[in-house]
Every structure is written in structure tokens, then in C-alpha cells.
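To start, the structure itself, in C-alpha cells.
The values are calculated or read from the model by the stated rules, or taken from the named source; none is laboratory data. Given the structure is predicted, the values throughout are model-derived calculations rather than measurements. Using ideal geometry, Cβ is built from the backbone for each residue, glycine included, and neighbour counts are taken over all protein chains shown. Just so you know, the surface numbers come from the protein's heavy atoms only, side chains and all, with ligands and any DNA or RNA stripped out. Shrake-Rupley method; radii C 1.70, N 1.55, O 1.52, S 1.80 Å.
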Amino acid sequence: MVKRNILLNPGPSTTTDTVKMAQVVPDICPREQEFVSLMKGLREDLVRIVHGNTDKYTSVLFCGSGTINIDVCLNSLLPQGKKILIVNNGAYSARAVEVCEYYGLDHINLEFPVDQLPDLDAVEKVLRENPDIALVHTTHNETGTGILNPIREIGALAHAYGAVFTVDTTSTYAMRPIDIEKDNIDFCMASAQKGLMAMTGLSFVIGNRAIIEQSKEYPRRSYYCNLYLQYHHFEKTGEMHFTPPVQTIYAAIQALKEYFEEGEEAKWARHTRVFEAIHRGLDELGFRDVIKREWQAGLVVSVIYPDDPNWDFDRIHDYCYERGFTIYPGKISGENTFRLCALGAIDEEDIVAFFQVLKKALEENHVRVPVQYTTIC
Ligand SMILES: *Cc1c(COP(=O)(O)O)cnc(C)c1O
């Protein structure tokens, strides 16, 4: 038996023992046909999760954390002389802006406040005034705050102006139902340790084959992180261009099996149950959150630090951590927050147990309960 920890951080998430154990396999060279067939099934299943037709859409695997997907999509899918528009209302879209800066990609950083939804009229205005925008990128659930962005509407605008739409779905994929076609997505992405509840080290881009084929002609800005090169190698040989994360892939295959057994709807209902239990627990202790409740994606809650001289995030964290619960710092500059997330193989009773521990942590640290705020909101 492996000790079960409840991870309330935004990934890696709590995994089942069967997924953990799936990594213990006989040693195998990933160039063997046996492994190649496993990857074929895995790649198709990843497309099925977003209800994509596998003739039209494919998935391309990369060895790395989720950020590699942002890097790959932006550096590989921009034609010569064209521009990227980033619809940016949070830390993960800001990361995409940084990717553009590092590659020297021509881009427009259309920024909105982190606690607000993007203004679609402003997005359209930029598209209208910049006919050289060939790619629009945004984040589905901004994991830094937990806000859910209107990707279907942004995608429709991108397409109306002839641009490709890439979405960072790392913190919604395999949790919140996504339909790649209906949601107007050309490319989405995730990594195995979030919604799939598998292990770190495997990331994947899911997208339109025809656009990947076209990108063969685009400037090559990276070698290891080129989408077409990796896609082409998969199509030709069924293998990853370079060494895949072998044991991580076995875990991902087991996680997919468990995903389809649980079912999209039941899994989303479970995450919703967990999310609501988090809100109930926070409400009972008097905590306030950053994002309007109706705008939250249902997976991440960003909580404002109480105004109490005895509040010390690290001390509260350590108390919970020693008892098997991990809470996570915030990611909003200028505001002190921490995060509680509904990812992973956990359910309502784990959250109930967590709040008993959190309450004790507050009491033992002499933080007043219900927690106090000096500003009125
Ligand atoms: C987790 C996450 C990523 C990837 O972060 P890594 O630290 O590279 O794993 C990217 N985008 C979003 C929205 C995420 O939640």
C-alpha cells in the first residue's frame, strides 16, 4: 500500500494505486512493436476525450511538463510574416506571451484584469484592425485564479477572421467536458498529471491534422519542440522522435482506462461535488475568494488571505501537509492568495476531512475563526 495524500494543488493530482502500479512493468525498449501499438491506442484515446474525429484530429506527444505544449504550439504554428494574438487575463496566458518574447514572435498581448472575463468586442476590434493575425491563443481555465474563459466565442471570432485558435486546456482537459469541434478549437493541450490523474512527464497537443501538415512550410524555430517534426515521426513510424517517458506512458494508459470506466459525465459530477465541498468548507470558516462564483471554472478556488496577525500560510501549509493534505500558494501579483483545487482521484469526503484539519490548523495557530477581513466587500 502506498500512503494516500490528498493534493489540493493544481496538479500533479492525487492518483489511484492502480495508476501508480501500472508503472511497474518489465523493462522494454520503446522501439518494440508492442510499445508502438500501445502509443497508437493512447494517441487515439486522447482525441476521443475531446470528442474529435481521429481522421480530422490527432494527438502529438511530448516528453515534458505542460508548458512544453504552449511552446510547441506557438513556435510551430505561426506562418512567416504573421502575428499572434494572446487573449490574456491571467498567469498562463502571460506565460504564452513570454514564449512569444523568447522566440521573438510578432504578437499582440491583449491584457484584461485577472479577475475579469475578456471583452469580446475588444478581441474583435484587434482582429479587425490586424488582418495579419494568423493565430489566436488563450487559456480555458486560468489556473492562477480559476476563471473560466469563453473559448467557444473567442474561437468563433478567430475563425471569422481567418486565424487558427489554440487553447491551453491543461487545467480543464479530461475534467470539464470539451468538444473540440463545437468549441471552435483547432489545438488544445494538456499533460498527464492533471485531468487524467496520471504521472508527470507526458504532455500532448491535440489538433487539426491539416493545419499541422500546412505548418511544414512555416519557419522552423525549434528542433525538439517542433510540432510538425514530432507529428511526422509519429505518422511515419508510430514512435516518438526521441526517447518517450516509458513508464509514464504505461500509467497514462491505465489512467485512460479508468477515465472511460468512470465516464465523462460522472467524472465531471465528482469534480463538481469536490468543488462545492471546497466552497462549503471555505464559507463555514469565513474565507473569501477572488473570482465571482458564477465565473469560476469549477476546478480551482483562489482564496484571499485573512487579515489576521497570526495568519501564516507556510505554517498552515505545514500543519496540513504533515497530515496528508497539500494546499498551494496563489499566483496573483499584488494580492495574497492561496489555492484549493478539485483535481485528482478524490471525492467529497476527502474535502470534509481536509476542512477538519484546516480548522484545527487555524485554531492551533490562534487565527480567529470565522476568519476576519478588514475590508468590506
Ligand atoms: C499546469 C498548467 C500548465 C503547465 O504547467 P507546468 O508547470 O509546465 O506543468 C499550463 N497551463 C495551465 C493552464 C496549467 O494549469
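Restricting attention to the stretch 26-261, close to 45% of DSSP beta bridges with both partner residues there are antiparallel. Amide H to amide H distances under 5 Å link Lys83 with Ile133, Ala134, Leu135, where only residues 5 or more positions off or on other chains count and H is placed in the peptide plane. In the structure shown, do any of Lys125/Lys194; Lys40/Lys331; Lys3/Lys40; Lys194/Lys292 have a Cα-Cα gap over 31 Å, and if so which? In this structure, Lys125/Lys194; Lys40/Lys331; Lys3/Lys40 lie more than 31 Å apart at Cα.
Round to a whole number: what % of the accessible area of the chain belongs to carbon and sulfur, probe 1.4 Å? Answer for the chain is 49 percent, counting heavy atoms of protein chains only. Projecting the Cα atoms of Trp268, Gly334, Val303 onto the charge dipole of the stretch 263-364 (Cβ charges, centred on the Cα centre) puts Trp268 farthest toward the positive pole. Per residue, the stretch 263-364 exposes 45 Å² of solvent-accessible protein surface, assessed with a 1.4 angstrom probe and all protein chains in place. Near Val352: Cβ cut-off under 13 Å, other residues only, Lys/Arg at +1 and Asp/Glu at -1. The net charge is -3. Taking Cα centroids, how far is the stretch 341-375 from the stretch 292-336 in Å? Cα centroid to Cα centroid, the span is 9 Å.
Of interest is the spacing of the C-alpha centroids, which for the stretch 115-144 and the stretch 1-56 amounts to 33 Å. The residues of the stretch 26-261 present an accessible area of 38 Å² per residue when probed at 1.4 Å with all protein chains retained. Is the shape of the chain best called rounded, prolate or oblate, per the rule: a/c under 1.5 gives rounded, else a/b larger than b/c gives prolate, else oblate, with a ≥ b ≥ c the square roots of the Cα gyration tensor eigenvalues? Taking the square roots of the gyration eigenvalues as a ≥ b ≥ c, the chain is oblate.
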